[in-house]
Amino acid sequence: MTGSLIPAAELVKSNTYRFPNESADYRSARNALLIEEIELRRHIERVAALRRALPDGGEVTANYQFIGESGPVSFEGLFGDKQTLVTYSYMFGPQRERPCPMCTSLLSAWDGEVPDILQRVALAVIARSPIERLTAFKRERGWHHLPLFSDISGNFSRDYFGLTKDGGDDAAFNIFTRRDGRIRHFWAGEMSGATADPGQDPRGAPDLMPIWTVLDCTPEGRGTDWYPKLKY
């Protein structure tokens, strides 16, 4: 399929966008950028195809148990009637007075998408604080849809990188599948400080936070010293 793609430069020739009072220099630079944007879109598609083609990951054999908003639930129970489970490890452990602002910003953006996500896959937001503490913050934040689960033992968090070596919280994004009666790990975000580029915060690709997608389209960009806060 890749071989049949029309070159990006050819596609740009059909671009009819023109804005009031734009200069020839602007249009030339913008079209050059559009070529790169098309190539980026194609690269994202190639990476997604490679991700989908991964061989089976490690089988989940541990008996992980959680407390959800409706009571105890097993790891398999997190799947519900779906064959794929998306988990996000939320940095809100019992040692924290308040949750991680960055995680909270991300989850606030996800909250409205949950009904749509659940049409395709299961979703679980997992943290190590007691469920009462998680649901209290859910009400404070005005979240309506995020399914919260407490990993009281910390075993899941420890095995799937939601817990640092010194016992602190870490954000982690993991995908699991349930096929032929077996649950397996499928994929996780593995980018960290060790894989960060110079001058950039560690972040994955794709970047899970919609706020950065918006700010990346602005002249100010992400900035180097601004991060979301719990209150302004």
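The values are calculated or read from the model by the stated rules, or taken from the named source; none is laboratory data. Keep in mind the model is a prediction, meaning the values are calculated, not measured. Cβ placement follows ideal geometry from the backbone for every residue including glycine, while neighbour counts extend to all protein chains displayed. Quick note on the areas: whole protein, heavy atoms, side chains included, nothing else; ligands and nucleic acids left out. Shrake-Rupley method; radii C 1.70, N 1.55, O 1.52, S 1.80 Å.
Some observations on this one:
- Calculated FRET value between residue 11 and residue 215, using beta carbons and R₀ = 30 Å, to 0.05: 0.70
- Stokes-Einstein D (µm²/s) once Rh is taken as the Kirkwood radius of the chain over alpha-carbon pairs, at 4 °C in 1.567 mPa s: 64 µm²/s
- Exposure of residue 226 as accessible area (Å², to 10), given a probe of 1.4 Å and all protein chains: 90 Å²
- Residues of the chain: accessible area per residue with a 1.4 Å probe, Å²: 63 Å²
- Label-point separation in nm, residue 229 to residue 95, each point 7 Å along Cα→Cβ: 2.6 nm
- The packing ranking, built from the mean of other Cβ atoms within 10 Å per residue, places the peptides 98-107, 194-203 in the order 98-107, 194-203, highest first.
- Within the straight-line cut-off of under 30 Å between alpha carbons, the lysines reachable from residue 229 are 138, 165, sequence neighbours fewer than 8 places apart in one chain being disregarded.
- Residue by residue, region 43-52 carries 3J(HN,Hα) couplings of 5, 4, 5, 5, 5, 4, 5, 5, 5, 5 Hz when phi is fed to the Karplus relation 6.51 cos²θ - 1.76 cosθ + 1.60 (θ = phi - 60°); x denotes Gly or Pro.
- Assigned charges on the beta-carbon of Lys, Arg, Asp, Glu; region 1-89 dipole about Cα centre (debye): 420 debye
- Among the chymotrypsin sites (Phe, Trp or Tyr not before Pro) in region 1-74, those placed in a DSSP loop whose Cβ has at most 15 other Cβ atoms within 10 Å are 17.
- Extension gain (nm, one decimal) between residue 33 and residue 116, 0.36 nm per residue minus Cα-Cα: 26.7 nm
- Cα lying deepest toward the dipole's positive end in the chain, options 134, 172, 195, charges on Cβ: 134
- Accessible-area value, residue 211, 1.4 Å probe, nucleic acids and ligands omitted, Å²: 50 Å²
- Estimated translational D of region 90-137 in µm²/s (Stokes, Kirkwood radius over Cα pairs; 37 °C; 0.692 mPa s): 281 µm²/s
- Remark on the chain: 217 stand apart, with no other cysteine beta carbon under 4.7 Å.
- Cα gyration tensor category, rounded, prolate or oblate, for region 155-232 with a/c compared to 1.5: prolate
- Sequence of 73, 114, 214 from largest to smallest accessible area, 1.4 Å probe: 214, 73, 114
- For region 107-224, the gyration tensor built on C-alpha atoms gives a rounded shape. Its axis ratio a/c (a ≥ b ≥ c) stays under 1.5.
- 3J(HN,Hα) from dihedral phi, region 148-154, Karplus parametrisation 6.51/-1.76/1.60, rounded to Hz, x for glycine, proline: 9, 9, 9, 9, 4, 6, x
- Taking each DSSP H run with n ≥ 4 as -39500 (n - 2.57) and averaging over every residue of the chain yields -9000 deg cm²/dmol at 222 nm.
- Heavy-atom accessible area for residue 82, with the other protein chains in place and a 1.4 Å probe, reaches approximately 40 Å².
- Exposure ranking of 43, 185, 144 by accessible area [1.4 Å probe, largest first]: 144, 43, 185
- Between residue 179 and residue 43, the FRET efficiency from the beta-carbon distance, with R0 = 41 Å, is close to 0.90.
- Cα gyration tensor category, rounded, prolate or oblate, for region 26-69 with a/c compared to 1.5: oblate
- Sparse-neighbourhood loop sites, GluC sites (Glu not before Pro) in region 9-88 - DSSP loop, at most 16 other Cβ within 10 angstrom: 22, 69
- 3J(HN,Hα) from dihedral phi, region 190-203, Karplus parametrisation 6.51/-1.76/1.60, rounded to Hz, x for glycine, proline: 10, 7, 9, x, 5, 10, 6, 7, x, x, 10, 5, x, 7
- Of the GluC sites (Glu not before Pro) found in region 112-141, not one falls in a DSSP loop while having at most 10 other beta-carbon atoms within 10 Å.
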